[in-house]
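**Q** Questions regarding the structure given below will be posed in turn.
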Amino acid sequence: MSMLWEKNESWRWIVRKSRDSKPFFFAFATVCGIVPGVIGYCVMQLTNSKASDLETKLRHNARPDTIMMGKVNSERLAEYLGELQRKENTNDRYVAALKGETLTRKPYVRIQQVPKPSEAQVSNEQKK
């Protein structure tokens, strides 16, 4: 890394020019920051296909576990958005996660403990 500022004359010239000239500094910062961002954005726009037939084909060829996870995620999102729409307190989700608990879908039982493995299960797993 020291090669950049000790030995490379081009880099030393850039440093000297940016130290002495504010317009050069801002031009160099623009070239290093904004131009790659614009190029990346353009590449993403060009490579993003919005073809509905491609999307249909990909959904048709999806694996069953991918479809199941998509449905589960949609259900969880719908549940969470419903709670937000009803202005329910959602802080208990975070509190439950910090305590190692999980939320249930039972209407009146909001939080339940994560079951701890019994000693028999632990000893069986250790023997394997």
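**Q** Any chance you could count how many residues in the range 89-113 are surrounded by fewer than 10 Cβ atoms within 10 Å (Cβ to Cβ) and at pLDDT below 80?
**A** Residues meeting the conditions: 9.
**Q** Something else about it: Quick one: residue 73 ticks every box in (1) under 30 Å from residue 116 (Cα atoms); (2) open to solvent by 100 Å² or more (accessible area, probe 1.4 Å) except a single one, so which number is it?
**A** (2)
The values are calculated or read from the model by the stated rules, or taken from the named source; none is laboratory data. Given the structure is predicted, the values throughout are model-derived calculations rather than measurements. Neighbour counts run over all protein chains shown; Cβ positions are idealised from the backbone, glycine included. Please note that ligands, DNA and RNA were not included when accessible areas were found on the heavy atoms of the full protein model with its side chains. Shrake-Rupley method; radii C 1.70, N 1.55, O 1.52, S 1.80 Å.
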